[in-house]
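The values are calculated or read from the model by the stated rules, or taken from the named source; none is laboratory data. None of the values given here were measured: they were computed from a predicted structure. Here the Cβ is made from the backbone with ideal geometry for all residues, glycine too, and neighbour counts use every protein chain on show. Only protein heavy atoms, including side chains, enter the accessible area calculation; ligands, DNA and RNA are left aside. Shrake-Rupley method; radii C 1.70, N 1.55, O 1.52, S 1.80 Å.
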Amino acid sequence: MSILIENARVIDPASGLDAIAPLCIQGSEILAVGAIPDGFEPRRRIDAAGRWLFPGVIDLSAHLREPGEEHKATIASETQAAARGGITTVVVSPDTMPPIDSPAEVELISRRAEQGCGVRVLTIGALTRGLNGEQLAEMAALKRAGVVGVGNARHPLASPLVLRRAMEYAATFELMVSLSAQDASLAGSGCVHEGAVSTRLGLAGIPEAAETAALGSILALVEQTGARVHVNRLSTRRGAEMIAKARADGLPVSADVAAHQLFLTEMDVADFNPLCHVMPPLRTQRDREGLRAAVARGDISAICSDHQPHESDSKLGPFAETRPGISGLETLLPLTLRLVEEDLLPLSAALERLTAGPAGILGHNGGCLKPGAPADFVVFDPEAVHEITPESWLSAGANSPFIGWTFSGQVRETWVAGRPAWNLPAEDSA
């Protein structure tokens, strides 16, 4: 279908466009933006006056729980939550059950996603068989199946030698290596940041060095192998500084940060709040400010949800025995836009960390509004005010410390490949 969207404020960080402009869609792709081509006769016209229109959000780190943990969530439920949050592409971690270490799991996830609301689901394949940290996975077969990278999720590798061999092998297939920077031996059984709060609460802590030591090893091997590496979910100021230096030195490395790390600190677990039990743990206020500064400079080029839905029982019991993770798909965009309200980032830069930035990391042709790109975009009402409530929550996991927060602006429509994946119900309109 040919569609013309008129009178919206079109914001495309990739091209620098920020103007009231028409957007022309032909089938599943963008035909033109800024001017209507001669002879274009839309079958449908949409007046989006007073709305913003920007590329769909690309989330680099999410757990959809299927296959293996459907009691927590499913691909269908979580892609619907993603669409509500303006997310058009979700990248899933390989630590499903069974792990994504063969084409069969990639194909299963792809089929289940096709049965959902339309949100794109991309996969990170396992770096090692069964995520056991020892034998390398069949990366050639995984690439043919369509993975966008390989990684070992939070599962440790047997040794730096295994990581080196894995990087070398991935580099031969031009596969991105997605890694979590946490030294398992230093992290031990910790569940919060090691510091004054952990001492006062009597909880085992995870030192900053657990991240920086692992990151140092990763960066040394990037320099040795030339592999393209993306570091997921940084949590420390020092880690962000190390990434900045590596990028300045020309190493092919990038990094993201979970949105909750830009707002919460170790003080938010001071009352044993299990909703703030996350991994890597919430760090100090100094770390939070360092991460924010790195996002503002562009040293951290993407903000992700680190979406981890849980059933209610997983967050009951003593803090250390609860399952870590926040359900974050529906708050990724609102939290990032709050950084604009707090004058940390201009609007275009904030959206870039959710669109063109992640697309560049993946080598994906989305994240922009140029002709020929997928027609993945969000129609957003900047004047609306909405509160995150349990009644409006779509994810199967309600484990979010942000429920009850009020945000400015609201997603009205999310489109994927030229089709609406989500529309704001009339009764929920501001």
**OP:** State the percentage of accessible surface on the stretch 219-376 attributable to carbon and sulfur atoms; use a 1.4 Å probe and exclude ligands, DNA and RNA.
**Re:** 49 percent
Original post:
Does the stretch 326-382 come out rounded, prolate or oblate, given a ≥ b ≥ c as the square roots of the eigenvalues of its C-alpha gyration tensor, rounded meaning a/c under 1.5 and, failing that, prolate meaning a/b above b/c?
Top reply: prolate
**OP:** Report ³J(HN,Hα) in whole Hz for each residue of the stretch 156-167, in order, from the Karplus equation J = 6.51 cos²θ - 1.76 cosθ + 1.60 where θ = phi - 60°; Gly and Pro get x.
**Re:** x, 8, 4, 6, x, 5, 4, 5, 4, 4, 5, 4
Subject >> Whole-number accessible area per residue in Å² for the chain, which is evaluated in the context of all protein chains at 1.4 Å >> reply: 38 Å²
Original post:
For the chain, rounded, prolate or oblate, judged on the Cα gyration tensor with a ≥ b ≥ c (square roots of eigenvalues), a/c < 1.5 rounded, else prolate if a/b > b/c?
Top reply: prolate
Original post:
Roughly how many Å² of M1 are accessible to a 1.4 Å probe, to the nearest 10?
Top reply: 110 Å²
Original post:
Taking only DSSP H segments of four or more residues, each worth -39500 (n - 2.57), what value at 222 nm results for the chain once the sum is divided by all its residues, to the nearest 500 deg cm²/dmol?
Top reply: -8000 deg cm²/dmol
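Show me the ranking of peptides 87-93, 400-406, 252-258, 272-278 by mean Cβ neighbours inside 10 Å, starting with the highest.
Ranked from most to least packed, the peptides come out as 87-93, 252-258, 272-278, 400-406.
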Subject >> Relative packing of peptides 58-69, 174-185 - highest average C-beta neighbours within 10 Å first >> reply: 58-69, 174-185
**OP:** May I ask for the angle, rounded to the nearest 10°, between helix 75-84 and the longest principal axis of the chain, with both axes built from Cα atoms and the value confined to 0 to 90°?
**Re:** 60 degrees
